[in-house]
Amino acid sequence: MANDASAVFDARSPQSLADPFTPPADSSLWRKNFLLGAATASYQIEGAVAEDGRLPSIWDTFSATPGKVLAGDTGAVACDHYHRWQEDVDMLAGLGLEAYRLSIAWPRVMDASGAPNRKGLDFYKRLLARLKEKGIATSVTLYHWDLPQHLEDRGGWLNRDTAYRFADYADLMSRELAGSVDAWSTLNEPWCSAYLGYGNGHHAPGLADGRFATQAMHHLLLAHGLALPVLRANDPASQKGIVANMGRGTANSDSAADRRATYLFEVQHNAWILDPLLKGAYPRDLFELWPGTEPLVLDGDMQTIAAPLDFLGVNYYFRTNLASDGAHGFREVPPQGVERTQMGWEVYPDGLRDLLTGFRKTYANLPPIYITENGMASDDKVTDGRVDDTQRIAFLKRHLAAVDQAIKAGVDVRGYFLWSLMDNFEWAFGYERRFGVVHVDYATQKRTIKRSAELVAKFLRERKART
Ligand code: IFM
């Protein structure tokens, strides 16, 4: 296998000049059953935070707290998708995207007593019906970080009861939306909810204690495990899974200490989530890294968490280069002279391939995989009505080549979702960081299709024409 996924893209070749995106003829991406779509999340695009009975979420509270989000941005208006959803679905369809991954705002669809909020539910019913009408497959995430604030007021993910409230929410949603969802994901990126939300405080609710992080993770995973059988019972025809952000570590040197540090980094980012889901136990090395943080686990919890999955959603963005910290942990050693994105994240497509092939070796029961997020932020500007996002085009091409390599190495990858359909509220970075393949002018809410999206659309048209 080539060592560098970028090797398949030679920017100087005549083919690349004509079309810097279209995958080579032998790429598995030409398979018509490889799903190509785009993803978003409720708080990042919907806006309308106080409309039609929506309750406050932890991100409303956090973003309203001075100093938490760049430039004091909030999701109050975001991309105004709550009002512009028809135009946005038309845009997805116009691009020929085959699938759309969206999330439901829990505080929009349930009141504090657990009763349904009909107006909020109707919004998602209309949206999903329209997607179906357009022939776009629907991948729905139940929890993409917007926990109702009233649940946080009772301890949030530190309170075991939140896991049971989540199962009630999953029950309501899967009864109401049965038949209109192709794939349900329980959680998006529990690592971020637990570690950034409760471990270091960079995300809502902004708490910072290592013991909180592991306990919050346990309750998140328990919530997932409790929701799965509910989803299966209410909506048997759909696929059920979970979405996790996975971290690729590389060792700064070949020393045993640096290799051990890299291993521990991946335990903290990947095995912390995948071991309970796929092996029914937390990795013991996690508690070597974070002594004294073992969560309270009740009898039966691990069996609940390890219920079989129909798919695993993998979100991938960059790698982290690591060395030993001289004690029992790791420290980051940022490589010099490498390509980076607007986030400062290194462009490293090989990491995606290596993670996928590594998971296949580690987990005998690895379910089929969807790349549920991959993409990059750049400081895109509209010039003469166009956005030429050259760096993103090469980024996407190279990461899709890495996916193709993983498939050829035997990993069952079924699809890929661009993060994101459109520029949106990038959490603690507000609106400055633009991840979309569609540009959003936040003053006018005008959407402008970027060159990357045009090229993805061109490829999809060509693929369709061949079948
Ligand atoms: O915008 C986020 C998304 O909500 C979760 N995954 C990572 C993306 C980029 O940071």
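Taking 0.36 nm per residue of separation and subtracting the Cα-Cα distance, full extension of the segment from T383 to A93 would add 101.9 nm. For V382, the solvent-accessible surface computed with a 1.4 Å probe is close to 60 Å², ligands and nucleic acids excluded. To put it simply, the accessible area of the chain at a 1.4 Å probe is 52 percent carbon and sulfur. For a paramagnetic label modelled on T390 (point 7 Å from Cα along Cα→Cβ), amide N atoms under 20 Å away belong, within region 326-344, to 337-344.
The stretch between R211 and H83, if pulled fully straight at 0.36 nm per residue, gains 42.0 nm over its current Cα-Cα span. Take H144: with every protein chain present and a 1.4 Å probe, its accessible area is about 0 Å². Estimated from helical segments only, the mean residue ellipticity of the chain at 222 nm is -11000 deg cm²/dmol, where each DSSP H run of four or more residues counts as -39500 (n - 2.57).
The base-10 log of I(q)/I(0) for region 77-150, evaluated at q = 0.16, 0.18, 0.20, 0.25 Å⁻¹, reads -0.61, -0.76, -0.91, -1.26 [Debye formula, identical scatterers on Cα atoms, solvent excluded].
Here the contact order of region 218-353, divided by its residue count and restricted to Cα pairs under 8 Å and six or more residues apart, works out to 32 percent. Expressed as a whole number of Å, what is the distance separating the alpha-carbon centroids of region 305-361 and region 254-285? With region 254-285 and region 305-361 each reduced to a Cα centre, they are spaced 12 Å. Using the Stokes-Einstein relation with a Kirkwood hydrodynamic radius computed over Cα pairs, the translational diffusion coefficient of region 338-467 at 37 °C and a viscosity of 0.692 mPa s comes to 205 µm²/s. When the inverse distances between all different Cα atoms of the chain are averaged and flipped, the Kirkwood radius reads 22.5 angstrom.
Inter-part distance, region 39-67 to region 134-180, computed on C-alpha centroids, equals 15 Å.
What the phi angles of region 438-455 give under the Karplus curve with 6.51, -1.76 and 1.60, with θ = phi - 60°, is a coupling list of 10, 7, 10, 8, 5, 6, 10, 6, 6, 9, 10, 5, 7, 4, 4, 5, 4, 6 Hz, glycine and proline written as x.
Backbone amide hydrogens, once placed in the peptide plane, bring G313 within less than 5 Å of I242, V243, A244, Y370, excluding anything fewer than 5 places away on its chain.
Annotation: per residue accessible area for region 145-286 equals 31 Å², rounded to a whole number [probe 1.4 Å, protein chains only]. Exposed loop sites here mean trypsin sites (Lys or Arg not before Pro) with a DSSP loop assignment and at most 14 other beta-carbon atoms within 10 Å; the chain contains its longest site-free run at 155-283. Calculated FRET efficiency, W345 to A115, Cβ-Cβ distance, R0 = 45 Å: about 0.60 to the nearest 0.05. Under 17 Å from a label point 7 Å along Cα→Cβ of R154: give me every residue in region 39-64 with its amide N that close. Once the point is set 7 Å along Cα→Cβ of R154, 55-58 turn out to lie under 17 Å by backbone N, inside region 39-64. Quick check: from the Cα gyration tensor, does region 32-191 come out rounded (a/c under 1.5), prolate or oblate? Since a/c reaches 1.5 and a/b is larger than b/c, the shape of region 32-191 is classed as prolate.
Amide H contacts of V347 (H built 1.01 Å from N, in plane; Pro and chain starts excluded): E339, R340, T341 sit under 5 Å, all sequence-distant by 5 or more or on other chains. A viscosity of 0.890 mPa s and a temperature of 25 °C, combined with the Kirkwood radius over C-alpha pairs in the Stokes-Einstein formula, give region 194-317 a diffusion coefficient of 157 µm²/s.
For region 372-467, how many pairs of lysine residues have a Cα-Cα distance under 21 Å, where the two are 8 or more positions apart or belong to different chains?
Lysine pairs satisfying the spacing and distance rule in region 372-467 number 7.
Of the Cα atoms belonging to region 106-200, the radius of gyration and Dmax stand at 14.2, 43 Å.
The H on the amide N of D389, modeled in the peptide plane, is under 5 Å from the matching H of R451, S452, each at least 5 residues off or on a different chain. What the Kirkwood sum gives for region 127-271 is a hydrodynamic radius of 16.6 Å, with every pair of different alpha carbons counted. Each residue of region 29-38 was assigned a 3J(HN,Hα) from its phi angle through the Karplus expression (A = 6.51, B = -1.76, C = 1.60, θ = phi - 60°), giving 5, 6, 4, 5, 8, 8, 6, 10, x, 9 Hz with x at Gly and Pro. Compared with the direct C-alpha span, the chain from A25 to V333 gains 107.1 nm at full extension, assuming 0.36 nm per residue. The 3J(HN,Hα) values that the Karplus relation (6.51, -1.76, 1.60; θ = phi - 60°) gives for region 406-416 are, in residue order, 5, 4, 5, 8, x, 7, 8, 9, 9, x, 8 Hz. Gly and Pro appear as x.
Straight Cα distances below 23 angstrom link K125 to the lysines K134, K240, with same-chain residues fewer than 8 positions distant left out. Restricting attention to the chain, close to 20% of DSSP beta bridges with both partner residues there are antiparallel.
Summed over the residues of region 370-409 and divided among them, the accessible surface reaches 35 Å² per residue at a probe radius of 1.4 Å.
The values are calculated or read from the model by the stated rules, or taken from the named source; none is laboratory data. Quick caveat: nothing in here was measured; it's all calculated off a predicted structure. Because the Cβ atoms are built from the backbone with ideal geometry, glycine has one as well, and the counts that use them run over all protein chains shown. Protein only, heavy atoms only, side chains kept; ligands, DNA and RNA dropped before computing areas. Shrake-Rupley method; radii C 1.70, N 1.55, O 1.52, S 1.80 Å.
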